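What follows is a single structure, written as structure tokens, with notes after it.
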């Protein structure tokens with residue numbers, strides 16, 4: 001008896017503490033593998049919660065006002081930690097060499113001076129707008145990625161199980177069933193107990209029955225040492241999450257679409273320049289992108305990773321060597337399917353008169369156009385579905401063409 | 001004998017932390033007078049305070065952190081001097097007795113703080129926390145491409161004073177929640193603590209102060225005035241640290257001029273957005289900046305203690321932006337500290353604040369979609385009573401809606417774990433299992449991912465992985481405790497004849513007591529409130 005119990009403890013579920021990251025994926029294997037060209041597109045959405053300082057990540061060092069505004073934390077093309085020039089005007093943060101390599105290989109792109117339609121400065125409303133895909137806050141029933149999934153032809157249910165994350169990001173919430181993953185080493189309840197409980201829920205609490213069934217289904221096939229919990233800092237954890245997600249998505253019957261979130265970008269104080277707090281986080285993000293690339297293997301060539309954040313930060317640093325909530329920022333694209341090697345920007349300039357409300361980078365590109373362009377390029381969703389269902393009332397934000405090969 | 005078990009469930013689960021097992025008789029007492037059972041705790045405002053031997057004040061704890069940090073620094077410097085190796089491995093001294101158990105007695109912690117700290121060792125930041133600690137940006141951890149976690153597994157180290165304090169505070173809170181009768185006032189504490197949350201993962205000071213913040217700024221006012229709680233919160237060192245106000249300098253203040261630093265609007269924004277008016281509550285970006293200027297100088301004394309006792313709230317006039325400020329259409333004359341206190345008092349009485357608080361309050365206790373009539377009534381009570389939070393709680397308990405609405409809210413992970421502990425009559429002696437399970441379930445104690453606190457809707461907690469993990473935890477409890485209990489007795493304590501036939505049958509037919517206990521803990525009667 002005792003042996004038996006202990007045995008079960010030892011063969012515990014694969015675990016991973018996510019440290020601020022969450023991951024969720026679609027539970028169906030959609031029929032988009034294209035027999036003709038063998039293309040099997042994958043999409044990963046990375047949400048950076050807390051508002052990324054786009055001007056510190058991809059710095060417009062060719063803009064004469066940048067250095068003055070960003071002051072002590074401004075990036076420069078020289079010095080001990082030079083920024084990586086992407087063209088003659090924009091330079092990438094030195095903590096992101098992997099992204100720089102992908103950019104040189106034409107598999108990464110930057111969209112600058114971008115923003116959702118949200119123009120106030122609350123993180124929480126801003127994230128709701130970013131993830132819900134609605135033009136304003138207050139709609140939190142479903143996310144744009146889930147509605148995009150609903151619009152796709154369904155294939156078989158993914159049979160191989162994934163371990164699950166405690167919460168689903170709003171972007172992936174909705175009618176289309178999803179699976180999540182956030183493994184931790186915990187002895188699991190046996191199937192019999194779980195089945196009895198599901199039976200009780202079916203009679204008394206159908207909503208919980210559905211939720212628990214999903215949780216159990218995902219449970220079964222997670223395997224591989226990569227998903228065991230490992231100690232480490234936030235950088236290591238970002239990589240680890242990406243590695244696990246990539247592993248799941250690389251499988252033939254794995255999810256094709258995933259969303260995950262990294263927290264901690266709200267750099268009000270001591271943001272740091274080429275080194276420091278933001279640099280540390282960007283290094284984690286860069287490592288995560290590299291993990292996606294290596295983990296997806298052959299499938300990387302069909303993959304697009306979209307990195308987005310709820311809004312940007314003030315163009316001028318505040319009184320504590322950080323930046324407060326702003327508006328325009330960047331979005332990043334990476335992956336073998338990205339037509340990269342370029343910074344796409346209708347640059348508004350950083351003169352006081354050009355700043356939004358005299359303080360923020362003025363957005364000149366609608367983030368929805370970028371995402372629509374990716375969804376169209378990867379999955380062939382129509383203008384109409386994108387403008388009415390995926391991003392309601394967004395006909396004005398036309399899909400950006402030519403983002404995907 | 002008018003027994004109403006359904007109303008007892010509302011009293012115990014919607015308002016409280018669930019029935020205690022053993023000989024408490026909670027369900028019977030609640031059934032005979034449900035409203036009276038809930039309201040009884042409101043008559044004992046002192047019962048909300050939490051004082052236990054060894055729990056220290058914020059300045060004392062701040063000083064303990066400063067002393068600890070000094071020791072770490074000295075040890076590092078000594079190590080650097082001694083060994084000229086490239087990397088100082090800054091390990092704890094190896095002379096710790098391996099058999100020594102982590103001692104959590106509050107008195108031991110007090111003794112520890114009093115100055116008998118063991119050899120210095122590097123601060124143990126919690127990398128699994130959601131928000132990166134400031135200390136992450138320390139040079140030694142600042143490797144932009146640090147590829148993998150360190151390969152060598154460090155030997156388990158004794159807890160430092162910060163971790164010990166955090167655990168002692170957690171333990172005191174958990175024990176209180178497990179032992180109280182109904183638990184309504186403790187639920188109120190959790191509600192307000194989440195409303196005015198800080199995050200322990202901000203850094204060492206936040207972690208050591210997390211419990212003291214709740215004891216000092218929240219508990220004394222849970223049955224008092226909102227404006228008093230607001231002031232206590234925004235002047236508490238933990239909040240000033242969490243939202244960076246100790247770094248914010250008036251651009252025209254003496255310190256601002258000398259040090260060429262200036263405003264940080266983080267705290268000012270969250271005061272209006274999250275603590276009082278709410279988004280759309282009628283403030284603008286200019287108001288945020290104004291309030292940020294008004295509260296410059298609100299800080300806490302540092303380790304040198306030039307401004308006051310280290311770790312205590314101080315108003316630093318040298319950092320305060322001089323001159324009058326316009327906020328929400330009103331001019332505040334330059335009266336120093338009083339300028340900010342007057343501004344906070346006015347914001348506390350703003351109609352948007354009444355609306356925001358009433359809505360959140362009803363959403364927490366009654367339904368994700370709060371009944372508008374009830375919200376309107378509580379808003380009026382809030383306005384008429386000058387933000388009397390006891391009157392607010394009383395009005396909620398006296399409303400019909402709160403008793404009629406079906407029990408559809410999910411218990412949060414904290415509620416679930418505490419309710420389970422109460423039903424099993426297990427008073428925790430070590431917070432470790434609770435803290436681990438809270439981490440697993442996505443509600444790490446006093447460490448929400450952002451200043452908006454933990455989610456308060458069923459959708460957030462009724463997620464596939466979350467429920468699956470609850471089942472795993474319930475199964476563990478069943479395996480450990482099931483052999484010694486009668487699950488049907490527990491069902492009587494928890495719900496009696498308010499339990500559904502299906503739940504009763506499921507427990508009766510379980511293949512073992514262990515399984516029966518797991519199923520009981522996971523039953524809708526235990527999960528919904």
Got a sec? Which of A:145, A:162, A:130 is buried (at least 24 other Cβ atoms within 10 Å of the Cβ), over 30 Å from residue A:359 (Cβ atoms), touching a helix residue (DSSP H, G or I) at 6+ places or on another chain (Cβ under 8 Å) and at pLDDT 90 or above?
A:145
Test each condition in (1) surrounded by fewer than 24 Cβ atoms within 10 Å (Cβ to Cβ); (2) touching a residue at least 40 places away in the same chain (Cβ under 8 Å) for residue B:340 and report the one that comes out false.
(1)
Could you please find all residues in region A:373-405 being farther than 15 Å from residue A:149 by Cβ and crowded, with 19+ Cβ neighbours inside 10 Å?
A:373, A:377, A:387, A:394, A:397, A:399, A:400, A:403, A:404
Before we move on, is residue A:79 within 10 Å of another protein chain (Cβ to nearest Cβ) and out of contact with any helix residue (DSSP H, G or I) (no Cβ under 9 Å at 6 or more places or on another chain)?
no
Restrict the check to region B:466-479 and report whether at least one residue is in contact with a helix residue (DSSP H, G or I) (Cβ under 8 Å, 6 or more places away or on another chain) and closer than 15 Å to residue A:169 by Cα.
yes
Answer yes if at least one residue in region A:312-324 is closer than 28 Å to residue A:380 by Cα and either surrounded by 24 or more Cβ atoms within 10 Å (Cβ to Cβ) or touching a residue at least 24 places away in the same chain (Cβ under 8 Å) (or both), and no otherwise.
no
Within region A:97-115, the count of residues that are more than 16 Å from the chain's Cα centre (by Cα) and within 14 Å of another protein chain (Cβ to nearest Cβ) comes to 4
Kindly indicate whether residue B:302 is out of contact with any strand residue (DSSP E or B) (no Cβ under 9 Å at 6 or more places or on another chain) and either closer than 23 Å to residue B:257 by Cβ or modelled with pLDDT of 95 or more (or both).
yes
If only one of A:264, A:215, A:232 is surrounded by 21 or more Cβ atoms within 10 Å (Cβ to Cβ), farther than 21 Å from residue B:464 by Cα and either at pLDDT 90 or above or at the interface with another protein chain (Cβ under 7 Å from one of its Cβ atoms) (or both), which one is it?
A:264
Quick check on residue A:61: is it touching a strand residue (DSSP E or B) at 6+ places or on another chain (Cβ under 7 Å) and under 27 Å from residue A:273 (Cα atoms)?
yes
Is one or more of the residues making up region B:436-455 within 21 Å of residue B:196 (Cβ to Cβ), touching a residue at least 40 places away in the same chain (Cβ under 8 Å) and surrounded by fewer than 19 Cβ atoms within 10 Å (Cβ to Cβ)?
yes
Scan A:73, A:84 and give me the residue that is closer than 19 Å to residue A:342 by Cβ and either within 14 Å of chain B (Cβ to nearest Cβ) or surrounded by fewer than 21 Cβ atoms within 10 Å (Cβ to Cβ) (or both).
A:84
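The values are calculated or read from the model by the stated rules, or taken from the named source; none is laboratory data. No experiment lies behind these values; they were computed from the predicted model shown. Please note: Cβ atoms are built from the backbone with ideal geometry, for glycine as well, and neighbour counts cover all protein chains shown.
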